[in-house]
Amino acid sequence: MEHTHIIKSGDLSRYADTRDSQGVIPELVYLLIRQSVSDMIECRIPYGDAVNQPGLDGLVNCKNGYLQFIPDGISCWEIGTGGNPQDKATDDFRKRTKKVSDSERAASSFVFVTPRSAGANGWEEPEQTAWIKRRQNRGWKQIRIIDGVKLADWLREFPALGRWMASKIGITPSLGGIITPLEHWSLILSQGERTDPPLPPALFTTSRDGACAAIEAVFSGVSKRLFLFAESEHDVDDFVAAYLSTLEEAEAQEYANRCLFIKDENAWRTVSELRQSHILVASPRLGLDSERQDLQAVATGRGHGVIIPLCGTLSDYSPEIIKLRSPSQSQIEAVLKAANFSDIRARELGGIGGGRLSALRRHFLGLGSVPPYVTWDTARELARACLVGQWNAKNPVDVRALEGMLGKGYGEWIEILRVDTLRSDSPLIQTDEKWRFVARSEAWSALGNRITDEDLDRLKATAVFVLGERDPKFDLPKEQRFAASIHGKQLEHSQHLRKGIVETLALVGSRSQALSSCSLGKAETTAVLVVRTLLNQANWERWASLDSHLPLLAEAAPDEFLDAVESVLVDLPNSPFHEIFAQEGSGGFGGWNYMSGLLWALEGLAWHPDYLSRVAVILADIASIDPGGNWANRPANSLVDIFMPWHIQTTASFDKRKAAIQTILREQPKVGWSLLLALLPHSHGVTSGCHRPVWRDFIPRDWKEGVLKSEYWEQIIALTELAVELAKEDSERLVELVNRLSDLPKSAQDSILNHLSSDGIVSLPEPERLPVWDKLDKLVRRHRKFFDADWALPEETVAKIEGTAKLLIPSSPELKYHHLFNDRDFDLFNEKGNYEEQRKRLNVVRQAAVSEILGNGNLTKCLGFAKKVASPYEVGRALGVIASDDIEDAILPALLDSGDDTEARVVAGFVWARFWNLKIGWVDTVLKRDWNPEHRAKFLTLLSFDEEIWERVSSNLGEAHEALYWRNAQVNPYGQERDLTFAIEKLLTYRREGAAVMCVACTADDTSRFDETLATRSLIAVLDSEDGIKELDNYDTVELIKRLQKSETADQDALFRIEWNFLPWLDRFSSGSPITLEKRLASDPAFFAEAVRLVFRSKKDSDDCAKENDEQRQHLVRNAYKLLTEWKYCPGIKEDGTLDVKAFNEWINETRRITEETGHAEVAQIQIGHMLTCAPPDPGGLWIHEAVATVLNYRDTGRMRSGFTTELFNQRGVYNFTHGQEERELAKQNREKAEALDTRGFTRFATAMREFAEQYNREAELEEKRDLSEE
């Protein structure tokens, strides 16, 4: 038991002389008790700073005691570390006996603990026995003494606590082979750099939830054995120690105190003899997974839990084996950022350890240049594989490219390396013949000295050939490129190989020092020549084909890359970038943005001060030819992100940044001015930052986001001064800057206002002053209106702006009142709230303005003013209130015929205002005038859409001319409730079917007004009207159909036709569904068979039997396909949701008979299988109805089973990346469903579900190995 005899009695006796022992010994006793007893009721033993509390030193209550140390039941504990333990025990015993009642003593034990034993200041064992014997008649149930000897014996049962105590005492255990999780975690923490925050436990547990659950099962006693498949020798120890560090303190302590990492066979055998259950974590060197399985039996036979690491080859998957996959680069970054590592440092460490945590551990230990694989016999071939980076061996074109790069056959070479992928700590991994180097930074540094000049020459030739391939998707129109793979328009070389080579070029160019066996300058020259060959004077297709790879090509050779970009910008009007912009679409199926990669490349280089100005000018040149689009990745946005004063994305000094901005202003003034405005303060600034270099060390490790407040204002003042000086020289810029006046520093505000008050501005012609005055006036009104907002200017400043505005106010009414007639009345309100009252005041002001412009009846002047404002309708409304009869006569009916849009809007506003103010009497007066029917009808269409107007249509136009009204009326069924039946009938009569439907839809929620027959007639009528369909509102129409679907009296045949024609509108986005059609499918086998026949070709058709594919047939096919694919209504379902088995079976049998005759049996089975995923569960408890399971289990319904599982897969929809956890859970659920089917005798169906579950297992395997950062 030498390995467990860590603390000896003498160690405890000597430690008792120290002051620290007074707090530590009670803590040791507390920990020993907690670890020894599993049925604890109460354990209260103060320790540390709490030891001087009055009362008992400890109180313990447990059902069962532990050996000779802990009595069962209640026990009172006293602890003393002083030099006279017998005196202390006597004193404590007397006090406790006196304070505890007779009945309580009879049920309790007294325990005294001292770390001292025989010898100086100790207590001899015979004396202890005599002391207990003298007190046995004092009424206590038991009396026990635990001295240093017994305490040391007790510690032997818990080696982890022994090692903890050794650290407290300050001694080093003489025998190795054992370490505790806490000690291991302390070692990990000590290996991080001093300037970094502590390494978080989540670094070793992230993406390992399955392993965390499995290890919890071992510690909680649910499981006794766990196999963990690790990538490196120390991964399991790191993981277990980190996992325990994630737990709550009490639980972590309890687990850690009975857990040991064991590396020595003798230590394993010794610890296995412990009477208390422990968790033993084996070293891979013990070989418990193979030749030393007897050691497993030794431990588990004694009740211990064992955790066994597996490294190297794993021949087959077993559910008992949990794989410890290293987190990806992005996951490491996220974990470290959450632990307060800087973004730069997190990204650096993520790059080192991504895909292989052991590489990160070696980095912290300073062993990054000597990983284990450096000493392998295959190191030279590994180095050549590292030069490729990644490839797809299933792609023969990739293989040929590799053979050219290697100068030998691929098969022979890869078989040498294949064995290495099975070794612990291998940097080369493969999944489904997709090969990839992990921890590439470490591998490059470690293996780079094995690369030769010849290797670089082959790399150059291969890189130019592979990366120079034109993407054939550009043969397709941009709207079809999303389906390039379907059309067979894919690159011959895989993206794996292309990315691997580009990353290699970046390493060759940026970390050439690792290639120590190559000629001086050979590496940099290789990178430069590849970039030059690929990009110099390249056409748009080359740039677009390399779009995603441009950031790394820029890192490979920054100067050469910038030269190449500049070479295609010399002749800006003919730059290939025009054509790249032309390929852009909306982001859906209408094209793509092939400029993003270039922008990210330039952003990456802008981090370095030497490249900032060049990059800035290039971005400005590209921005000058940017036609704009829906994509956020735009050159102008990249410029703003780089120079953003509060989030600077370059390491250049402010002087260099300012010089770069001034260069842009000289080279591209418009772009530079827009940039300058974007950099000035504003309330909606947001940025996601710029692309950062992957391999170039352009950003110092201590770089921090953000700037000091003083630095920010230094930039703002300088940029504002520059903007003010430029604005003074250009009136358009001046107007733009005035619009931003409230965002500027006070000095800039004063400078601009002084300039605006100068004679040079005040003396300008009024039309030129108007935009400036308009902006100042809006500014004053806005800040007075929201005076209490945080962003509002102080009244003193507002008053000063108002004074300047008064100097510039136009005298011409047309200019002075221009702003009153905009499209946003809210902007003209001077207060918050009371909007109706403010609207009335605004109307009065508008009327006064129009009156002043109208003067003595100058209607022409008034109409001219209307043409210059945003809202001619409001001019007409104001005119309608103040106009004389003479003006009315000049407008009506003459302007009713006007083809001018402005005049038509003025007339509309005029008529409405007259009607609103003078009511229906004015209408009747007007209609008495000698107008033709056309004028009367036009006049009536400008009035409200209600009964009193319809009456006048009938009485003044009659049947002969009422069509002039109903065909042109502005139908507005909303507002006050009214009977719309008359209007709907008229609209249907005069072919306004769409308007009729909207009127009916308006009543759908009102039972008293809704006419089901009229609604059906209107919907049927609109089906044959293209113009009517255009008038429909999608939402209201679907709601109307849903209203009819709920009716028990609706005409089902009509509803069938309505649903069929509106089928594209009835989808999950509108919350509508074709209920009638689905019910017909589920009840009429012939209808289902007809839908299948429309969509799918019969097996009986000959190859040359082509059906006419006119537009009408295409419409039928689309509808039938949509109906079949979205059908969720199971045949035989009754209203209460239960299944009518007889009806279901009849439908199945008849459907199979018809489709067999038409040659559609197989495809019909697949469609039925899709639908049956919506079948109800069985009343007997099976997850699917037994009648349905019976059909799916038939010998000849294999296609139906296939359709069923395919639809189950599709129903999963969009899902998150969980490293295979979600897939494992789905596999488990479907495996359980298969087992349930098997127990009911549905063997074939169960097999299909089992295979489906296995499909998810395979996906989980792939997802576990997937690295999002590599995608």
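Look through region 106-133, keep the residues that are among the small types (Gly, Ala, Ser) and farther than 25 Å from residue 61 by Cα, and return whichever of them is modelled with the lowest pLDDT.
120
How do the pairs read when you match residues in region 973-996 that are assigned by TED's automatic domain parsing to the domain that holds residue 1029 with residues anywhere that are surrounded by fewer than 21 Cβ atoms within 10 Å (Cβ to Cβ) and among the polar types (S, T, N, Q), using Cβ under 8 Å and keeping only pairs 6 or more apart or on different chains?
Here the result reads 991/1025; 993/1025; 994/1025, each pair linking region 973-996 to a residue that is surrounded by fewer than 21 Cβ atoms within 10 Å (Cβ to Cβ) and among the polar types (S, T, N, Q).
Any chance you could count how many residues in region 470-485 are part of a loop (DSSP other than H, G, I, E, B) and not polar (S, T, N, Q)?
5
The rows are residues; the columns are (1) assigned to a helix (DSSP H, G or I); (2) among the hydrophobic types (A, V, I, L, M, F, W, C).
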residue	(1), (2)
269	yes, no
276	no, no
281	no, yes
297	yes, yes
303	no, no
307	no, yes
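Residue check: is residue 173 surrounded by 14 or more Cβ atoms within 10 Å (Cβ to Cβ) and modelled with pLDDT under 90?
yes
Among the residues in region 1192-1201, are any of a type outside the set (A, V, I, L, M), assigned to a helix (DSSP H, G or I) and surrounded by fewer than 19 Cβ atoms within 10 Å (Cβ to Cβ)?
The answer is yes, given that some residue of region 1192-1201 is of a type outside the set (A, V, I, L, M), assigned to a helix (DSSP H, G or I) and surrounded by fewer than 19 Cβ atoms within 10 Å (Cβ to Cβ).
For the structure I just gave you, tell me whether residue 297 is free of Cβ contacts under 8 Å to residues at least 12 places away in the same chain, farther than 25 Å from residue 66 by Cβ and of a type in the set (A, V, I, L, M, F, W, C).
yes
Would you confirm, using the coordinates I've provided, whether residue 374 is assigned by TED's automatic domain parsing to the domain that holds residue 442, aliphatic (A, V, I, L, M) and either part of a helix (DSSP H, G or I) or crowded, with 20+ Cβ neighbours inside 10 Å (or both)?
Yes; evaluated as a whole, the condition is true for this residue.
Mind listing whichever residues of region 150-172 are without any contact (Cβ under 8 Å) to a residue 40 or more places away in the chain, outside the structural domain of residue 15 (by TED's automatic domain parsing) and part of a helix (DSSP H, G or I)?
Matches in region 150-172: 167 only.
Suppose the filter is of a type in the set (Gly, Ala, Ser), modelled with pLDDT of 90 or more and surrounded by fewer than 19 Cβ atoms within 10 Å (Cβ to Cβ); does residue 718 pass it?
yes
Let's see how each residue does on (1) surrounded by fewer than 21 Cβ atoms within 10 Å (Cβ to Cβ); (2) at pLDDT 90 or above; (3) within 18 Å of residue 993 (Cβ to Cβ); (4) not basic (Lys, Arg):
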residue: 1019; (1), (2), (3), (4): no, yes, yes, yes
residue: 1022; (1), (2), (3), (4): no, yes, yes, yes
residue: 1026; (1), (2), (3), (4): yes, no, yes, yes
residue: 1038; (1), (2), (3), (4): no, yes, yes, yes
residue: 1044; (1), (2), (3), (4): no, yes, yes, yes
residue: 1050; (1), (2), (3), (4): yes, yes, no, yes
residue: 1059; (1), (2), (3), (4): no, no, yes, yes
residue: 1067; (1), (2), (3), (4): yes, no, no, yes
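Kindly state which helices (runs of 4 or more DSSP H) lie completely within region 850-959 and contain at least 1 residues that are within 27 Å of residue 982 (Cβ to Cβ) and without any contact (Cβ under 8 Å) to a residue 40 or more places away in the chain.
901-927, 933-941
Any residue in region 1051-1063 that's closer than 11 Å to residue 1073 by Cα: show its pairings with residues that are surrounded by fewer than 21 Cβ atoms within 10 Å (Cβ to Cβ) at Cβ separation under 6 Å, as long as the two are six or more apart or on different chains.
1063/1122
Looking at (1) part of a helix (DSSP H, G or I); (2) in contact with a Gly (Cβ under 8 Å, 6 or more places away or on another chain), which is the only condition residue 1101 fails?
The one condition residue 1101 does not meet is (1).
Could you tell me whether any residue of region 939-962 is within 57 Å of the chain's Cα centre (by Cα), of a type in the set (S, T, N, Q) and within 19 Å of residue 988 (Cβ to Cβ)?
The answer is yes, given that some residue of region 939-962 is within 57 Å of the chain's Cα centre (by Cα), of a type in the set (S, T, N, Q) and within 19 Å of residue 988 (Cβ to Cβ).
Of the residues 1175, 1234, which single one is in contact with a Cys (Cβ under 9 Å, 6 or more places away or on another chain) and of a type in the set (Gly, Ala, Ser)?
The unique qualifying residue is 1175.
Let's see how each residue does on (1) modelled with pLDDT of 90 or more; (2) surrounded by fewer than 22 Cβ atoms within 10 Å (Cβ to Cβ); (3) farther than 27 Å from residue 335 by Cβ:
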{"residue": "227", "(1), (2), (3)": "yes, yes, no"}
{"residue": "244", "(1), (2), (3)": "yes, no, no"}
{"residue": "252", "(1), (2), (3)": "yes, yes, no"}
{"residue": "282", "(1), (2), (3)": "yes, no, yes"}
{"residue": "287", "(1), (2), (3)": "no, yes, yes"}
{"residue": "293", "(1), (2), (3)": "no, yes, yes"}
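Exactly one condition in (1) at pLDDT 95 or above; (2) in contact with a Gly (Cβ under 8 Å, 6 or more places away or on another chain) is false for residue 1250; which is it?
If we test residue 1250 against (1) at pLDDT 95 or above; (2) in contact with a Gly (Cβ under 8 Å, 6 or more places away or on another chain), just (2) comes out false.
Restricting to region 932-983, and then to whatever is touching a Phe, Trp or Tyr at 6+ places or on another chain (Cβ under 7 Å) and of a type in the set (S, T, N, Q), can you tell me which residue is nearest to residue 912 (Cα to Cα)?
Among residues in region 932-983 that are touching a Phe, Trp or Tyr at 6+ places or on another chain (Cβ under 7 Å) and of a type in the set (S, T, N, Q), the one nearest to residue 912 (Cα to Cα) is 941.
Conditions (1) assigned by TED's automatic domain parsing to the domain that holds residue 872; (2) closer than 28 Å to residue 840 by Cα; (3) touching a Pro at 6+ places or on another chain (Cβ under 9 Å), marked per residue:
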position: 922; (1), (2), (3): yes, yes, no
position: 936; (1), (2), (3): no, no, yes
position: 942; (1), (2), (3): no, yes, no
position: 945; (1), (2), (3): no, yes, yes
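In region 187-246, which residues are over 29 Å from the mean Cα position of the chain (by Cα), farther than 24 Å from residue 424 by Cβ and either outside any helix (DSSP H, G or I) or outside the structural domain of residue 277 (by TED's automatic domain parsing) (or both)?
If the condition is that a residue be over 29 Å from the mean Cα position of the chain (by Cα), farther than 24 Å from residue 424 by Cβ and either outside any helix (DSSP H, G or I) or outside the structural domain of residue 277 (by TED's automatic domain parsing) (or both), then 193, 194, 195, 220, 221, 222, 223, 224 are the ones that fit.
For region 540-629, give me every one of the helices (runs of 4 or more DSSP H) that falls completely inside it and has 3 or more residues that are over 26 Å from residue 529 (Cβ atoms) and more than 27 Å from the chain's Cα centre (by Cα).
By residue number, 577-582, 609-624.
Quick check: anything in region 311-318 surrounded by fewer than 16 Cβ atoms within 10 Å (Cβ to Cβ) and at pLDDT 90 or above?
no
If residue 785 satisfies all but one of (1) under 20 Å from residue 818 (Cα atoms); (2) under 41 Å from the mean Cα position of the chain (by Cα), what's the number of the condition it fails?
Result: residue 785 fails condition (1) only.
The values are calculated or read from the model by the stated rules, or taken from the named source; none is laboratory data. Being a predicted model, the structure only gives us computed values, none of them experimental. Glycine gets a Cβ as well: all are built from the backbone with ideal geometry, and neighbour counts include every protein chain shown.
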